[in-house]
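The next block holds one structure in the form of structure tokens; read it before the comments.
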Amino acid sequence: MALRRHKDSDRTRREELRAKLGDSSEFKRQTFYALENIRKAKLPGKIVGIALFVLIVLNAAIVFVSAQPGLDPVAGDIIQVFYTFSTACFAVEYAARIWIADLAYGHVSPAKARLKYIISPLGIIDLLSFFPNMLAWFLPITPALRNAINLVRLVRLIKISRYMRGLRTIGRVVMNRRSEIVAAFLVIGLLIVVASVVMYEIEHPAQPEAFNSLFSGLWWAVETVTGTGYGDIVPITVPGRIVGAIIMFLSVALVAIPGGIFSAGFVSEYQNANLRKIERDVKRNSERDDARDSAKDSSRDSARDSAKDSARDSARDAAKDSASGGGAGGEPDDEGETEY
């Protein structure tokens, strides 16, 4: 039932989007395709979409290059020019996405659609990808501001998620399974808290320098439950080692739960995707068959009507010829009778 409602909702949204795209101007429609569905865009829209993707990838590479110490001054100037150009491009993209938000969120009014995009996670990421850098054009640059801008600049890397179908699938799995995921991590968090308190109480008297606070016990519990095991803090008492062994066995079972939830979510998502693809193919084939049958029926009706018209015309012509032949034969008889 839930899957049927989801399908109906998706179908309704697609129909609303199709209607709004039909009512929009060609320029706005191509802008939407360039930013949201590059496969349907024309050549200029494809160029814009690909250029944005390349720009995001280049920003990812430049972030690592610019972080290297002892950078050549010429290379530094080139990187700054590139950052300025990227900031301007991302600002234009942000404005364009606000403009086409009524198409991306077609089930609400244009004003609500634009507000929904602005406060959405991707909308906030789009804003942070250019706004802090733009502020640096008008504010005096200090080392603290430069470091903050460099950190915020890493947000640009998240923009690439729009072009990666796998990341969108992960997002849908997290949203669909969020209740199970939250419950699993709450159980793991509870185990970590209990283990940290118990281990601190057991090991603090024996090694106060290692377990000097509850945070030390929390650090040990985190690295034990996650299986990291740095070895910087280890229990040395017999009760502590027993508790540590119990926590290790419990963590093996509990940490596997989120993995199972994600696996089941991915399987379900790909099954739903295959079902949607099959439904689209069946619908497309059905429409093609209906069109073919309609064409055949129309051709058959046209041929039948043509045959009827031809037969009717032939019968009419034959009747006319018969009537004309009878009249021509009677005239000589009348003349003959008169002459006789």
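When you look at S129, is it within 26 Å of the chain's Cα centre (by Cα) and buried (at least 16 other Cβ atoms within 10 Å of the Cβ), yes or no? Explain how you work it out, then say what you get.
Values: within 26 Å of the chain's Cα centre (by Cα): yes; buried (at least 16 other Cβ atoms within 10 Å of the Cβ): yes.
Yes; evaluated as a whole, the condition is true for this residue.
Against the condition under 30 Å from F249 (Cα atoms), part of a helix (DSSP H, G or I), aliphatic (A, V, I, L, M) and open to solvent by 70 Å² or more (accessible area, probe 1.4 Å), how does L115 come out, does it pass? Walk me through it before giving the result.
On the way: under 30 Å from F249 (Cα atoms): no; part of a helix (DSSP H, G or I): yes; aliphatic (A, V, I, L, M): yes; open to solvent by 70 Å² or more (accessible area, probe 1.4 Å): yes.
In short, no.
Of all residues in region 219-248, how many are over 17 Å from L191 (Cα atoms) and in a helix (DSSP H, G or I)? Show your work before the answer.
Going residue by residue through region 219-248, those that are over 17 Å from L191 (Cα atoms) are 230-239.
Remaining after also requiring in a helix (DSSP H, G or I): 238-239.
Result for region 219-248: 2.
From V252, V238, which residue is surrounded by fewer than 10 Cβ atoms within 10 Å (Cβ to Cβ) and not polar (S, T, N, Q)? Even if it seems obvious, please write down each step before you answer.
Working: V252 fails: surrounded by fewer than 10 Cβ atoms within 10 Å (Cβ to Cβ).
Answer to the check: V238.
Would it be correct to say that A61 is on the phi < 0 side of the Ramachandran plot, in a helix (DSSP H, G or I), open to solvent by 40 Å² or more (accessible area, probe 1.4 Å) and modelled with pLDDT of 90 or more? Before you say what the answer is, go through the steps one by one.
Details: on the phi < 0 side of the Ramachandran plot: yes; in a helix (DSSP H, G or I): yes; open to solvent by 40 Å² or more (accessible area, probe 1.4 Å): yes; modelled with pLDDT of 90 or more: no.
It is false that A61 is on the phi < 0 side of the Ramachandran plot, in a helix (DSSP H, G or I), open to solvent by 40 Å² or more (accessible area, probe 1.4 Å) and modelled with pLDDT of 90 or more.
Does F85 meet the test of being open to solvent by 80 Å² or more (accessible area, probe 1.4 Å), part of a loop (DSSP other than H, G, I, E, B) and either under 22 Å from E26 (Cα atoms) or among the aromatic types (F, W, Y) (or both)? Can you show your working first?
Numbers: open to solvent by 80 Å² or more (accessible area, probe 1.4 Å): yes; part of a loop (DSSP other than H, G, I, E, B): no; either under 22 Å from E26 (Cα atoms) or among the aromatic types (F, W, Y) (or both): yes.
No; evaluated as a whole, the condition is false for this residue.
Within region 267-283, is even one residue closer than 28 Å to T169 by Cβ, among the polar types (S, T, N, Q) and in contact with a Leu (Cβ under 9 Å, 6 or more places away or on another chain)? Spell out how you get there, then give the answer.
Taking region 267-283 as the starting set, the residues that turn out to be closer than 28 Å to T169 by Cβ are 267-283.
This time we only want the ones that are among the polar types (S, T, N, Q), so: 268, 271-272, 274.
Remaining after also requiring in contact with a Leu (Cβ under 9 Å, 6 or more places away or on another chain): 272.
Scanning region 267-283, I find at least one residue that is closer than 28 Å to T169 by Cβ, among the polar types (S, T, N, Q) and in contact with a Leu (Cβ under 9 Å, 6 or more places away or on another chain), so the answer is yes.
Those residues that are within 16 Å of L55 (Cβ to Cβ) and either buried (at least 19 other Cβ atoms within 10 Å of the Cβ) or in contact (Cβ under 8 Å) with a residue 12 or more places away in the chain (or both), I need them from region 89-110; list them, please.
Within region 89-110, C89, F90, A91, E93, Y94, A96, R97 qualify.
Pairs under 9 Å by beta carbon, first residue in contact (Cβ under 8 Å) with a residue 40 or more places away in the chain in region 268-293, partner open to solvent by 70 Å² or more (accessible area, probe 1.4 Å), six or more apart or different chains?
S268/N176; E269/R172; E269/N176; N272/H6
Looking at L167, L190, L154, which is the one that is open to solvent by 30 Å² or more (accessible area, probe 1.4 Å), farther than 20 Å from G265 by Cα, modelled with pLDDT under 85 and assigned to a helix (DSSP H, G or I)? Please lay out each step first, then the result.
Details: L167 fails: farther than 20 Å from G265 by Cα; L190 fails: modelled with pLDDT under 85.
The unique qualifying residue is L154.
Out of S216, S286, S196, S263, which single residue is among the small types (G, A, S), part of a helix (DSSP H, G or I) and open to solvent by 60 Å² or more (accessible area, probe 1.4 Å)? Write out each step before concluding.
On the way: S216 fails: open to solvent by 60 Å² or more (accessible area, probe 1.4 Å); S286 fails: open to solvent by 60 Å² or more (accessible area, probe 1.4 Å); S196 fails: open to solvent by 60 Å² or more (accessible area, probe 1.4 Å).
Answer to the selection: S263.
Please state which of the following conditions G76 fails to meet, knowing it meets all the rest: (1) open to solvent by 40 Å² or more (accessible area, probe 1.4 Å); (2) more than 20 Å from D126 (Cα to Cα); (3) part of a helix (DSSP H, G or I).
All conditions pass for G76, except number (1).
The values are calculated or read from the model by the stated rules, or taken from the named source; none is laboratory data. Keep in mind it's a predicted model, so treat the numbers as computed, not measured. We place every Cβ from the backbone using ideal geometry, glycine too, and count neighbours over all the protein chains shown. Side chains included, ligands, DNA and RNA excluded: accessible areas come from the protein's heavy atoms. Shrake-Rupley method; radii C 1.70, N 1.55, O 1.52, S 1.80 Å.
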